[in-house]
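Novice: Structure in structure tokens, see below.
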Amino acid sequence: MTKLVLSLMCALTLGACSITGQAARDDSPSSQQAVRLAATLTQAARSGDPVLEHVTAQMTGLEDALARGLPEQGNHEAEAGEASHALAAPPDARSMISLMHSIHLASYREERHLAEGWRALQGQHAALGRLQARYVEADLGERGVYLRLLAGPFDTADDAVQACRTIQASQDWCAVTAFDGMPVLP
């Protein structure tokens, strides 16, 4: 199921570019809808949303339609030939949604505390030793800006959930999230 969702998200994002012939930064309503749908599907896949089981046929049909592309209207062979040789600019990876999963382990006010907290948690949980540490900023309004310590990557949400359960069994806090952010420097 996750592979289907991931391939559909790629098709939605890349399909819009190949069908319209526009660059990756297309601001058309259909492109914006495709980006919103891809984000929704990503979140549903991460959380194991059972709704995905009920829309598999529709997603497969949409994926097939996007793979086939739209039929050409009129005779634009010269234009099509020129367009096929041009490469679209790659999307900005910083603005993309992560397809990997991580676990949120702690939050800190200052960046200098991240590495110290990471080392302490690694000492308490051997399973963290093989993971990478990252952090993301979280603006909590009146409560201030916090730096969330994340560990990952995990290929599936189930792997991240299992790691969280192991950590929670030791009475430590943990939550599954996307594997985003900046690396924690030693």
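Coordinate-derived values only; no laboratory data. As the structure is a prediction and not an experimental result, all values here were calculated from the model. Cβ coordinates were reconstructed from backbone atoms using ideal geometry, including for glycine residues, and neighbour counts include every protein chain displayed.
Novice: Through the Karplus equation 6.51 cos²θ - 1.76 cosθ + 1.60, θ set to phi - 60°, convert the phi angles of segment 103-119 into ³J(HN,Hα) values in whole Hz; use x for Gly and Pro.
Specialist: Running phi through 6.51 cos²θ - 1.76 cosθ + 1.60 with θ = phi - 60° gives 10, 8, 9, 6, 9, 9, 7, 10, 4, 5, 8, 4, 5, 4, x, 4, 4 Hz.
Novice: Still on this structure, please answer the following. Dipole magnitude of segment 101-183 about its Cα centre, charges +1 at Lys/Arg Cβ and -1 at Asp/Glu Cβ only, in debye to the nearest 20?
Specialist: 220
Novice: Which residue, chosen from VAL145, ALA133, THR166, occupies the Cα position most advanced towards the positive end of the dipole of segment 110-186, where the dipole is computed from +1 (Lys, Arg) and -1 (Asp, Glu) charges on Cβ about the Cα centre?
Specialist: The residue sitting most towards the positive pole is THR166.
Novice: Next question, about the same structure. Going by C-beta contacts inside 10 Å, put HIS125, HIS101, HIS113 in order with the fewest on the left. If you can, show how the numbers build up before the last one.
Specialist: Numbers: HIS125 19, HIS101 23, HIS113 14.
Ranking HIS125, HIS101, HIS113 by Cβ neighbours within 10 Å, fewest first, gives HIS113, HIS125, HIS101.
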